[in-house]
Amino acid sequence: MSATKLKSYRDLEIWKMARELVVVVHKMTLEKLPKFEMYEEGSQIRRSSKSISSNIVEGYGRSRYKNDYIKFLTYALASRDETRDHIEMLYETGSLSDKDLFENLRKRYDVLGRSINNFRQRIITSFLSPDVNVRNGDE
């Protein structure tokens, strides 16, 4: 992240990535899954995917309180793990048969997970330096 101050959670790259994936997952559940999965696993994966970006937003809103910020970033990471598990389950059961889409989603969620974790680590590290802008991890 650059030294530019963030004005909103919408400026966070992790939020942008998470938000793009929400749209992809939502469309995938409506267009690529069998009807019986649309209401079962489809509903679960939509909720877990949306939870990632929602937790990033909520954490950003509480960024004055470092422990809360870290907690919500941890929740976002856990929701990312849950979403990745749903994708794998759908593929392994054959409900998601598009291998290219599966591989694309798996890779993108891996990148998102690493990005959230790196961002969270920068916030944790900011505990050691009182001069760090906690909203974006910049010094």
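The values are calculated or read from the model by the stated rules, or taken from the named source; none is laboratory data. Computed from a predicted model, the values in this text were never measured in an experiment. Reconstructed Cβ throughout: ideal geometry from the backbone, glycine too, with neighbour counts over all protein chains shown.
When LEU12 is tested against (1) at pLDDT 95 or above; (2) out of contact with any helix residue (DSSP H, G or I) (no Cβ under 6 Å at 6 or more places or on another chain); (3) crowded, with 17+ Cβ neighbours inside 10 Å; (4) over 30 Å from THR125 (Cβ atoms), only condition (4) is not met.
With respect to the conditions (1) buried (at least 21 other Cβ atoms within 10 Å of the Cβ); (2) touching a residue at least 60 places away in the same chain (Cβ under 8 Å), VAL111 lacks only one, and its number is (1). For the criterion of being of a type in the set (A, V, I, L, M), part of a loop (DSSP other than H, G, I, E, B) and modelled with pLDDT of 95 or more, LEU96 passes.
Does LEU77 satisfy the criteria of being surrounded by fewer than 15 Cβ atoms within 10 Å (Cβ to Cβ), part of a helix (DSSP H, G or I) and in contact with a Gly (Cβ under 8 Å, 6 or more places away or on another chain)? Answer is no for this residue.
When segment 48-62 is filtered for residues that are modelled with pLDDT of 95 or more and touching an Asp or Glu at 6+ places or on another chain (Cβ under 6 Å), only SER48 remains.
Please find, within segment 99-139, the residue that is modelled with the lowest pLDDT out of those that are closer than 18 Å to ARG62 by Cβ, in contact with a helix residue (DSSP H, G or I) (Cβ under 9 Å, 6 or more places away or on another chain) and part of a helix (DSSP H, G or I). Looking at residues that are closer than 18 Å to ARG62 by Cβ, in contact with a helix residue (DSSP H, G or I) (Cβ under 9 Å, 6 or more places away or on another chain) and part of a helix (DSSP H, G or I), I get PHE127.
Remark: pairs (first residue in segment 63-84, over 24 Å from GLN44 (Cα atoms) and at pLDDT 95 or above; second residue assigned to a helix (DSSP H, G or I) and among the charged types (D, E, K, R); Cβ separation under 7 Å; 6+ apart in sequence or on different chains) = ILE70/ARG120. Within segment 21-61, which residues are within 17 Å of the chain's Cα centre (by Cα), free of Cβ contacts under 8 Å to residues at least 40 places away in the same chain and either more than 18 Å from ARG84 (Cα to Cα) or assigned to a loop (DSSP other than H, G, I, E, B) (or both)? GLU58, GLY59, listed by residue number.
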